[in-house]
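All of the numbers you see were taken from the coordinates with simple rules; none came from a lab. Keep in mind it's a predicted model, so treat the numbers as computed, not measured. Glycine also receives a Cβ, built like all others from the backbone with ideal geometry; neighbour counts cover every protein chain displayed.
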Amino acid sequence: MIDYLQDDDDLLISNGDFSTGECTIQHQKDLLCAEKGDYKLNPTIGVAALTYVDDEDPQNLRRAIAVEFTRDGMQVNKIDWRSNTNLTIDAFYK
């Protein structure tokens, strides 16, 4: 998916204009961090991954990611979480 690119703080600007490019990873990061209600135009979207830190069943986080990414138009092939610090997601926009 092509969209406006951003760094951690703001939109990227190149040659006096907003930069565009492949942003699937950026969208995945935004969805993982967003909590319900963060986006005014779509208040029901967001995984809120930090709320799963102490969850005893890692399937709950996998399920939440799959649901939200699918709702956003991605095809989710694999979500792998082998340790508390290494989350691998294979998903892309159709």
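Counting other Cβ atoms within 10 Å, keep those with at most 14, restrict to DSSP loop, and tell me which trypsin sites (Lys or Arg not before Pro) in the stretch 14-50 are left.
Working: sites: LYS29, LYS36, LYS40; in loops: LYS36, LYS40.
Within the stretch 14-50, the qualifying trypsin sites (Lys or Arg not before Pro) (loop, at most 14 other Cβ atoms within 10 Å) are LYS36, LYS40.
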Amide proton proximity set for TYR93, modelled H, under 5 Å, gap of 5+: GLN75
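May I ask you to give the average projected area over all directions of the convex hull of the Cα atoms of the chain, in nm² rounded to one decimal?
On the way: hull surface 27.5 nm².
In nm², the orientation-averaged hull projection of the chain is 6.9.
Please compute the net charge surrounding ASP55, taking Lys and Arg as +1 and Asp and Glu as -1 over other residues with Cβ under 12 Å from its Cβ. Please report the intermediate quantities before stating the final value.
Details: positive: ARG62, ARG63; negative: ASP54, GLU56, ASP57.
Computed value for this residue: -1.
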